[in-house]
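The values are calculated or read from the model by the stated rules, or taken from the named source; none is laboratory data. Here the structure is a predicted model, which is why all the values come from computation and not from measurement. Here Cβ is always computed from backbone atoms with ideal geometry, including for glycine, and neighbour counts include all displayed protein chains.
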Amino acid sequence: MGSAKHLIVSILLTFLIVGSGTAGYMIIEGWDILDAFYMTVITMGTVGYDEVHEISKAGQLFTILLIFFGVGFFVYVAGVVVQFMVEERLKTEGRRLKVVIKLQPSAYIL
């Protein structure tokens, strides 16, 4: 799979994880969507703010799972984004080098 496809899949999976985290807090804790989304984002972003509301034991376990999956996946997505950017830069430089070589027919690469 190409890096562009990896990037698209990673972005879609990020939305899936954030949506699952939000839904999980809404179901487990009975929070409204904004509080659940906020808690998901600060958890995945490792911000470290206090909980939005008091959290149950089930909510604590859910938060632990969200940290493992969410933060780990967030790091993976960051790597995919960097890979995509580097590959695009290398493609651009490769095209530029081909043009330079074509413009200098007497040039030899040793």
The range 10-59, subset within 19 Å of the chain's Cα centre (by Cα) and at positive phi, residue modelled with the lowest pLDDT:
G48
Considering the range 25-81 alone, what residues qualify as being of a type in the set (D, E, K, R) and assigned to a loop (DSSP other than H, G, I, E, B)?
D32, D50, E51, E54
Any chance V75 is over 14 Å from V18 (Cβ atoms) and either touching a Phe, Trp or Tyr at 6+ places or on another chain (Cβ under 8 Å) or of a type in the set (S, T, Y) (or both):
no
Within the range 64-75, is there a residue that is over 23 Å from the mean Cα position of the chain (by Cα), surrounded by fewer than 17 Cβ atoms within 10 Å (Cβ to Cβ) and free of Cβ contacts under 8 Å to residues at least 40 places away in the same chain?
no
For the range 88-108, does any single residue satisfy the condition of being under 21 Å from the mean Cα position of the chain (by Cα), surrounded by 12 or more Cβ atoms within 10 Å (Cβ to Cβ), in a helix (DSSP H, G or I) and at pLDDT 90 or above?
no
Taking the conditions exactly as written (closer than 21 Å to A78 by Cα and out of contact with any Ser or Thr (no Cβ under 9 Å at 6 or more places or on another chain)), does T46 satisfy them or not?
yes
